[in-house]
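One structure below.
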Amino acid sequence: MPTTGLTVEVLLTPEDLRESLLADARRGLTARPKSLSPVWFYDEHGSALFDEITRLPEYYLTRAERGLLEAHAAEIAAAAGADTLVELGSGTSDKTRLLLDAMTATGRLHRYAPLDVSEDTLRAAAAAVAREYPAVEVHAVVADFHRHLDALPGGRRRLVAFLGSTIGNLTPEQRRRFLFDLDCALTCDDRLLLGVDLVKDPGRLVAAYDDARGVTAAFNRNALSVLNRMLDASFDPGMFEHVAEWNADDQWMDIRLRATTEHVVKVGALDLDVRFQRGEDLHTEISAKFTPERIVDELAYAGFVSEGTWGGGGDFMLVLARPYC
Ligand code: AVJ
């Protein structure tokens, strides 16, 4: 049965994505220290592994955020008064249903606009929401939120949700640019709902990113399989060890892959030989943790006024903010 009320707009084609991967891999694999962007974790297998991570006993983030949405979505929906929910980095749109339900209950919701770089995941998630919420028009956008904020779907009053502490993957410089760009893209009536993970006992943080069953390790190594497939590379994921460390100076988790022996990896699509020393790291991800004061300050610096926070005394926090107008 065809799904009505569903459109998919493609601002980022598979060719664009491949070009970014080529550029990022060339830059990162020839840099010192070597690095890769966490964007490449999320092919089909990586997305499935991340889904499994969200159910791990050690990975408290998703449960904490869901708990906050269960308790406060009605209040957030009332405060936002939005007719359109835009979701950045929507993934499987799992927790989104709590917001969609609360916004439907206000009687205002017309439109859901999920935005993600992963076209397959996005199409599946958007179709599911369109089926479950026949009264809501679903306008999915395949896009990169670093590049396409100026093309966000419109609405009379939008609530832009950026959940799951995805913002933690950005460096402070990327965060500043992203928040400035987003502030510019919003009108005075729009609102931002941001989910951020909070600083806590390093032992719990390390456990969350180095779980006992090794799911996070497999998720991390999957980045190498993506390079093998997409860029004709010859990584042996078995030659790399998963490393997750709390970086107290920068207040973020550093996630790396550490070569266990000296070896050379060929990257066919880049015509590149990459030598790893024994014990050399490939940095794959940061996951920044915040204090409530710091995230509210960073928002203010980018032109946002915080209208409310939820969960600030616990593991995870939601912030509702508006552009200063
Ligand atoms: C999806 C970026 C929020 O940083 O916690 C989970 C990704 N990496 N385990 C996070 C992730 C390793 C996750 N984010």
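The values are calculated or read from the model by the stated rules, or taken from the named source; none is laboratory data. A quick note: this is a predicted structure, and the numbers were derived from the prediction, not measured. So basically every Cβ, Gly included, is an ideal-geometry build from the backbone, and we count neighbours across all protein chains shown.
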In the range 304-322, what residues are more than 16 Å from the ligand (Cβ to nearest atom) and touching a strand residue (DSSP E or B) at 6+ places or on another chain (Cβ under 6 Å)? F304, V305, S306, E307, G308, T309, W310, L320, A321, R322
Considering only the range 225-282, how many residues are in a strand (DSSP E or B), among the aromatic types (F, W, Y) and within 26 Å of the chain's Cα centre (by Cα)? 3
Meets criteria (at pLDDT below 95 and at positive phi) for G91: yes
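Conditions tested, residue by residue: (1) farther than 25 Å from Y209 by Cβ; (2) buried (at least 16 other Cβ atoms within 10 Å of the Cβ).
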residue	(1), (2)
M253	no, yes
G268	yes, no
G279	no, no
I286	no, yes
T291	no, no
F304	yes, yes
E307	yes, no
Failed item, numbered, when R275 is tested on (1) of a type in the set (K, R); (2) farther than 28 Å from I295 by Cβ; (3) touching an Asp or Glu at 6+ places or on another chain (Cβ under 7 Å): (3)
Looking at T30, T4, which is the one that is away from the ligand (no atom under 16 Å from the Cβ) and at pLDDT below 95? T4
Condition check: in a strand (DSSP E or B) and touching a Ser or Thr at 6+ places or on another chain (Cβ under 6 Å). Does I286 satisfy that? no
In the range 171-194, what residues are in contact with a helix residue (DSSP H, G or I) (Cβ under 6 Å, 6 or more places away or on another chain), hydrophobic (A, V, I, L, M, F, W, C) and surrounded by fewer than 20 Cβ atoms within 10 Å (Cβ to Cβ)? A185
R175: touching an Asp or Glu at 6+ places or on another chain (Cβ under 9 Å) and more than 29 Å from D51 (Cα to Cα), yes or no? no
Considering residues of the range 219-251 that are within 14 Å of the ligand (Cβ to nearest atom) and within 23 Å of R26 (Cα to Cα) only, the residue surrounded by the most Cβ atoms within 10 Å (Cβ to Cβ): N220
